[in-house]
1. What are the residues in segment 170-193 that are among the β-branched types (Val, Ile, Thr) and more than 43 Å from the chain's Cα centre (by Cα), if any?
2. Given the criteria among the aromatic types (Phe, Trp, Tyr) and assigned to a strand (DSSP E or B), does residue 755 qualify?
3. Just name the residue that is surrounded by the fewest Cβ atoms within 10 Å (Cβ to Cβ) out of those in segment 816-828 that are in contact (Cβ under 8 Å) with a residue 40 or more places away in the chain and not in a strand (DSSP E or B).
4. Of all the strands (runs of 3 or more DSSP E) wholly in segment 325-441, which have at least 2 residues that are surrounded by fewer than 17 Cβ atoms within 10 Å (Cβ to Cβ)?
5. So which residues in segment 846-876 are surrounded by fewer than 18 Cβ atoms within 10 Å (Cβ to Cβ) and farther than 19 Å from residue 377 by Cβ?
6. Filtering segment 744-755 down to residues that are free of Cβ contacts under 8 Å to residues at least 60 places away in the same chain and surrounded by fewer than 22 Cβ atoms within 10 Å (Cβ to Cβ), which residue is nearest to residue 733 (Cα to Cα)?
7. Being more than 24 Å from residue 257 (Cα to Cα) and crowded, with 22+ Cβ neighbours inside 10 Å is the filter here; which residues of segment 699-720 pass it?
Amino acid sequence: MPDRGQGPRGPRTGAGRPSRRVRVLILTLGVLAVLGMAFSMFAGFWTDWLWYRSVHYSSVFTTTLWTKIGLFFVFGLLTAFVVGLNIWLAHRLRPPLSAMSMEQQNLDRYRMGLAPYKTWLLVAISALVGLIAGASAAGQWRTWLMWVNGVPFHQKDPQFHLDISFYAFELPWYRFLLAFGFAAVILCLIAAAFTHYLYGGLRLTSPGARATAAATGHLSVLLGLFVALKAVAYWLDRYGLAVKSSGFKAGDWTGLRYVDANAYLPAKTILFCIAVICALLFFATLWRRTWQLSVIGFGLMVLSAVLIGGLYPAIVQKFQVQPNEQAKEAPYVQKNIAATRKAYGIDDSQVVKYEGKPDTKDDAKLRADADDAASIRIMDPNIVSPTFQQAQQVKDYYGFPANLDVDRYPTKDGKLQDTVIGVRELNLKGKGIKHNWINDHFRYTHGYGVVAAKGTEADDGEPVFTEYNLPPEGDLGSYRPQVYYGEKTTTYSIVGGPQKEIDYSTDDHGEKTTSYTGKSGVNLDNPVNRAAYAVAFNEPQILYSGAIGKGSRILYNRTPKERVEAVAPWLTIDGDAYPAVVDGRIQWIVDAYTTSNGYPYSSRTTLGDTTADSLSTGRDDRSVVAQQNQVNYIRNSVKATVDAYTGEVRLYQWDTQDPVLKTWMKAFPGTVRPKSAISPQLLSHLRYPQDLFKVQRELLTRYHVTDAQTFLTGSEVWQVPADPTNKSGDAVPPYYLSMKMPGQSKQAFSLSTTFTPAGRYSLSAFMSVDSEADSADYGKIRILKLPTSQTVDGPKQVQSQFNSEQDIAAAIKLLKGGDSEVEYGNLLTVPLDGGLLYVEPVYVRGGGLKLPLQRKVLVTYAGKPPAFENTLGEALDKIFGKQGDTTAPPDTGAAAPPVSGDPTVRQALADAQKAFDAGQKALKQPDGPDWAAYAKAQKDLKSALERAEKAEHQATGKKGGNKG
């Protein structure tokens with residue numbers, strides 16, 4: 001009996017043990033999963049905090065964090081409270097069960113099912129809507145900080161006479177509060193209506209009253225709040241008209257038009273009054289217990305919105321504005337012109353008439369003035385990068401950006417010269433690296449040195465380097481050459497520990513190693529830090545690798561743009577960070593902008609579209625500017641630097657009058673240094689930013705006109721021409737060039753562009769801005785406006801002239817011989833004595849390496865036939881009539897070859913003379929040079945001279961042997 005009794009119990013007990021083990025295992029795995037997710041969230045937060053602390057901008061992290069947390073909890077709790085309160089109130093106001101209709105009694109089983117969970121459901125629903133509302137509110141941290149810290153512009157809008165700060169800082173916050181109020185009231189309405197229906201306060205199909213008095217009063221209050229918020233919306237819409245964008249005959253623009261000021265504005269005021277009355281009628285339902293008047297009032301408000309807010313403005317536009325549009329709209333367009341020019345910093349642009357034809361016929365004077373008019377750059381920074389790569393790469397694991405930069409550096413005699421400069425950065429995609437985790441993150445950690453070349457010279461087609469080689473040598477003096485932070489440095493590195501890094505490697509010096517001694521990055525001595533980064537970077541080896549030890553630091557967020565964006569998330573970053581050697585260090589200089597979308601009457605522009613050009617798609621991490629955000633106010637208010645060795649980020653206040661920057665400096669005190677902290681050497685390398693210039697030139701295609709009547713006719717609209725040197729169809733990029741504009745006494749480093757009439761190719765204007773930061777004229781925009789009564793060739797026409805000129809076309813065809821390719825460099829435009837000088841370097845990519853070498857220069861001036869010569873000096877000489885060296889080889893005495901006693905030598909020299917004569921004859925054909933015949937003659941000449949040299953050597957050798 002005992003055995004039988006224990007038999008069944010044994011299996012049950014045995015089956016129970018695995019069941020408990022499974023439950024424990026599942027529970028353990030669940031706890032571990034929760035802990036894993038929690039640590040993953042902690043790792044993201046902790047590594048962010050460590051990074052901000054390492055760059056000494058922890059206040060930015062804490063300010064944004066606490067602002068987000070505060071907004072999340074305030075608006076989240078407020079939403080949860082009001083929704084929960086209305087659900088609770090609807091439940092409290094439910095009718096007694098005996099009064100419920102048959103429809104409601106059918107819902108009894110649902111009520112019975114929910115009864116045990118009422119409290120939990122109330123908490124869950126409130127918490128869910130609170131989380132959603134809090135997350136949405138946290139995203140408005142910028143709006144909150146600008147509202148709290150906003151400073152006045154001390155400028156008033158022309159319609160309501162309010163300070164601009166109301167539109168830039170206050171109105172966005174009020175609109176957010178209004179949107180939040182609408183959302184909260186709608187959620188409360190839905191929750192309250194559903195609860196009333198569930199508990200009998202509302203009836204949909206039962207006979208008799210559709211709602212109890214309590215439900216009627218509750219819902220009426222909520223509807224009254226909704227209509228009251230609509231009244232506030234109508235009132236704010238009045239001010240919103242000043243920053244409203246609309247389509248218009250003259251293009252998209254911002255601000256009030258005639259119909260806005262005379263129809264929409266009074267309509268919004270009337271609708272505000274109607275909405276207030278309608279809201280009061282809803283509130284009165286608490287006492288009247290009927291919706292009749294409030295529903296009638298709501299219907300009248302809707303009808304008024306259609307008639308007064310829609311139909312009436314349409315009638316005004318059709319019958320008052322359109323018959324006499326220019327007269328009606330002119331005052332408002334004038335306000336738009338003034339505000340737009342002010343908001344984009346183009347109100348001080350100087351427009352002068354320029355004839356576009358020479359002031360003198362003295363070619364000798366023109367030739368002399370051409371040298372003084374500009375330091376014409378024949379090294380195109382957007383083409384010569386492969387040549388830099390081939391000549392100065394040294395090892396495969398170094399590289400240069402596809403687009404180099406232009407800066408100014410002194411020559412040995414102290415004069416500033418335009419210089420093409422690039423940084424020799426680390427290129428982990430290079431073939432010289434055996435890829436593994438240690439090599440990619442511990443051994444190959446940085447680039448080394450800068451390479452610079454004269455912008456105005458070439459040596460047999462190659463750049464004339466002023467800074468070169470490893471270790472660096474040249475004119476830039478001594479500086480720290482290691483580049484741990486750069487445009488191409490996108491991966492993390494672990495430095496400063498037991499693992500040595502490759503500093504640089506050359507055939508002469510071998511492999512030199514180093515260990516990082518800077519204080520940048522985050523220390524990995526702490527095991528918690530290592531674990532956090534192992535999770536954050538999904539790299540377990542960080543946790544246990546022996547290559548990490550005492551002093552190891554992890555470097556990441558290493559491009560200049562992302563570092564500045566991280567420490568100043570309220571700035572818009574220029575697309576082109578450029579390097580400079582400043583005070584013995586390589587510094588990346590980054591231009592940053594403060595922007596706003598709330599400047600009344602100022603037209604909006606989309607940054608990403610406006611700053612695009614034929615080079616932007618090929619740039620390395622160079623785009624504001626791929627940003628598609630719309631703005632109608634912009635200032636280059638901050639100049640930032642990023643140290644290439646330490647990664648230190650410094651923000652300098654550049655525009656000391658910008659109220660938007662002052663607002664952010666108030667929100668983030670201590671993050672931006674004063675302008676006086678900029679060293680003189682750094683100041684000499686600051687320049688006017690390209691992206692701001694492109695935004696301004698796009699606006700100036702229309703807003704160079706200051707007269708409303710002319711603006712409305714559209715007769716003076718310009719366009720930025722397409723880049724004539726390629727087939728992309730994108731806008732021509734602006735170019736940095738040291739040049740002398742009319743009225744200037746000397747050359748100034750400038751940024752320039754051209755304009756053509758809308759839909760045409762001739763030139764309408766030339767625009768330049770002084771880019772020397774240490775100049776009193778910095779930022780001064782000068783526009784040379786050409787007369788409409790005469791045609792001056794624009795860039796596309798000049799390029800077409802170059803391509804169609806018979807002699808040039810034949811020479812280009814000859815340059816393309818074999819597998820060579822011809823590439824046109826930047827087409828530079830230079831004002832010269834009343835006319836315009838066009839200069840374009842021509843590059844030839846030949847051989848298997850396809851390196852671009854500057855071989856020719858195209859020049860034309862004031863309609864003269866273009867010159868196509870080996871050097872800029874030769875081309876200018878030909879254009880202005882001074883016959884210097886030309887493309888034909890000089891006569892070096894080949895007409896009188898030396899006498900030799902050897903008959904083979906004499907015959908070879910005679911053939912050389914014959915070939916030389918044939919070449920000269922080919923160049924002097926009546927219809928222009930016969931380049932094919934010239935090329936054959938040159939080949940025969942070379943062959944004959946080689947035969948003569950070989951025969952002479954053989955004869956000399958025989959004589960020597962006889963003497964021996």
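1. Of segment 170-193, the ones among the β-branched types (Val, Ile, Thr) are 185-186, 190.
Selection gives 190 alone.
2. yes
3. Taking segment 816-828 and keeping what is in contact (Cβ under 8 Å) with a residue 40 or more places away in the chain, we get 817, 823-828.
In the following step, the residues that additionally are not in a strand (DSSP E or B) were identified as 817, 825-827.
Working: 817: 10, 825: 23, 826: 23, 827: 23.
Going through the qualifying residues, I end up with 817.
4. Fully inside segment 325-441 and qualifying: 350-353.
5. Result: 847, 848, 849, 850, 863, 864, 865.
6. Once the filter is applied, the top-ranked residue is 748.
7. Kept after step one, since they are more than 24 Å from residue 257 (Cα to Cα), are these residues of segment 699-720: 719-720.
Within segment 699-720, 720 is the sole residue that qualifies.
Conditions tested, residue by residue: (1) of a type in the set (D, E, K, R); (2) under 50 Å from the mean Cα position of the chain (by Cα); (3) surrounded by 20 or more Cβ atoms within 10 Å (Cβ to Cβ); (4) at pLDDT 95 or above.
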site	(1), (2), (3), (4)
168	no, yes, yes, yes
195	no, no, yes, no
202	no, no, yes, no
214	no, no, no, no
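The values are calculated or read from the model by the stated rules, or taken from the named source; none is laboratory data. In this text the structure is predicted, and so the values were computed from the model without any measurement. Cβ atoms come from the backbone with ideal geometry, glycine included; neighbour counts cover every protein chain shown.
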